[in-house]
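The values are calculated or read from the model by the stated rules, or taken from the named source; none is laboratory data. Just so it is clear, the structure is predicted and the values come from calculations on it, not from any experiment. Counting neighbours? That spans all protein chains shown, and the Cβs are built from the backbone with ideal geometry, glycine included.
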Amino acid sequence: MVLVVGLWSQLERIFVFFPTAEVRYTPDDVGLAYEEVFFPTSDGHRLHGWYVPGNSGTTLLWFHGNGGNIGYRVEELALVHARLDVNVFIFDYRGYGNSEGSPSERGIYRDARAALAYLQTRPELASEPDPGQIVYFGRSLGAAVAIELAGEQPPAGLVLVAPFASLGEMGRIAYPFLPLNWLLGNRYNSVARISQLHQPVLILHGDQDEIVPLSQSEKLLKAANPPKSFQVLPGAGHNDTYSAAGNIYWDTLSEFLSTLAAPPSR
């Protein structure tokens with residue numbers, strides 16, 4: 001068992017996580033007002049994030065994908081602010097950007113809990129502690145993190161962009177001739193976990209996704225409980241959904257958020 005855990009730990013760092021240390025871009029570069037935030041995890045790491053205020057009672061808690069850091073999301077962050085006008089809290093997992101530590105599956109789940117705990121202490125939310133103010137927004141690997149957290153602390157809604165059903169599924173797709181099932185097992189098993197959720201779910205996936213096949217989202221949709229919705233994004237790949245799909249992407253997000261029970265705008 002120790003050998004298996006050690007092997008998985010090494011493979012996870014090689015095949016799952018692709019962090020970048022230098023945060024080259026900030027919301028300043030796209031003209032956004034923001035607050036730089038540092039907050040602790042339960043196992044003693046210090047994580048870094050940005051809080052970008054909007055003019056809505058809804059806050060997106062953003063879980064990014066497996067590459068880069070939050071600096072590479074500022075273009076999309078600016079569009080979220082312009083098109084949706086919600087509050088956004090985006091942060092880096094351990095080992096990414098200015099966040100301490102080394103990433104692992106268990107570790108980034110801890111990071112998600114810490115990010116939510118921090119968000120719930122903010123004055124904007126502390127006076128209105130209803131968790132219905134918070135929507136989880138997960139992209140790719142971040143969708144698996146969002147689903148995991150939703151099973152513990154349900155949000156008002158769940159937005160999943162280009163998600164995968166499980167790491168085992170992705171292993172079979174990427175390496176069909178390798179016997180990875182014994183090792184990958186239940187790693188990032190979103191298809192099993194989403195079946196236990198009962199919050200509104202929106203899944204968006206590009207029909208030209210070159211990394212995660214559209215069929216992965218279809219499996220998640222089938223497993224999810226209602227209310228659920230699914231939007232195929234014509235012409236969009238894995239990382240350009242917010243730009244390639246244009247108004248289809250943004251209008252679908254806006255409509256979904258409008259259906260959620262949210263506190264009055266401030």
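Can you tell me which residue among Leu32, Leu47 is buried (at least 17 other Cβ atoms within 10 Å of the Cβ), modelled with pLDDT of 95 or more and under 16 Å from His81 (Cα atoms)?
Leu32
Report, ordered by the first and then the second residue, all pairs with beta carbons closer than 9 Å, sequence separation of six or more or different chains, a first member in segment 103-126 that is surrounded by fewer than 21 Cβ atoms within 10 Å (Cβ to Cβ), and a second member that is part of a loop (DSSP other than H, G, I, E, B) and among the charged types (D, E, K, R).
Ser104/Arg94; Glu105/Arg187; Gly107/Asp43; Gly107/Arg94; Arg110/Asp43; Arg110/Arg94; Glu124/Arg266
Just to be sure before I move on: is Arg172 modelled with pLDDT under 95, surrounded by fewer than 19 Cβ atoms within 10 Å (Cβ to Cβ), farther than 26 Å from Leu233 by Cα and of a type in the set (Lys, Arg) in the structure I sent?
Numbers: modelled with pLDDT under 95: yes; surrounded by fewer than 19 Cβ atoms within 10 Å (Cβ to Cβ): yes; farther than 26 Å from Leu233 by Cα: no; of a type in the set (Lys, Arg): yes.
Considered against the rule, which asks whether it is modelled with pLDDT under 95, surrounded by fewer than 19 Cβ atoms within 10 Å (Cβ to Cβ), farther than 26 Å from Leu233 by Cα and of a type in the set (Lys, Arg), Arg172 comes out as no.
Return only the number of the condition from (1) surrounded by 18 or more Cβ atoms within 10 Å (Cβ to Cβ); (2) within 30 Å of Asn247 (Cα to Cα) that Arg83 does not satisfy.
(1)
Limited to segment 238-263, what total is found for residues that are within 17 Å of the chain's Cα centre (by Cα) and not hydrophobic (A, V, I, L, M, F, W, C)?
6
Can you tell me which residue among Leu183, Leu167 is farther than 20 Å from Leu60 by Cα, touching a Lys or Arg at 6+ places or on another chain (Cβ under 6 Å) and at pLDDT below 95? Outline the logic, then answer.
Details: Leu183 fails: touching a Lys or Arg at 6+ places or on another chain (Cβ under 6 Å).
Exactly one residue qualifies, and that residue is Leu167.
What's the total number of residues in segment 109-124 that are more than 13 Å from His48 (Cα to Cα), part of a helix (DSSP H, G or I) and not hydrophobic (A, V, I, L, M, F, W, C)?
5
Spot the failing condition for Gly44; the list is (1) outside any loop (DSSP other than H, G, I, E, B); (2) of a type in the set (Gly, Ala, Ser); (3) over 17 Å from Leu257 (Cβ atoms), and only one is missed.
Going through (1) outside any loop (DSSP other than H, G, I, E, B); (2) of a type in the set (Gly, Ala, Ser); (3) over 17 Å from Leu257 (Cβ atoms) one by one, Gly44 breaks only (1).
Filter segment 134-148 down to residues that are buried (at least 24 other Cβ atoms within 10 Å of the Cβ) and over 8 Å from the mean Cα position of the chain (by Cα) and give me whichever is farthest from Gly237 (Cα to Cα).
Among those that are buried (at least 24 other Cβ atoms within 10 Å of the Cβ) and over 8 Å from the mean Cα position of the chain (by Cα), it is Val135.
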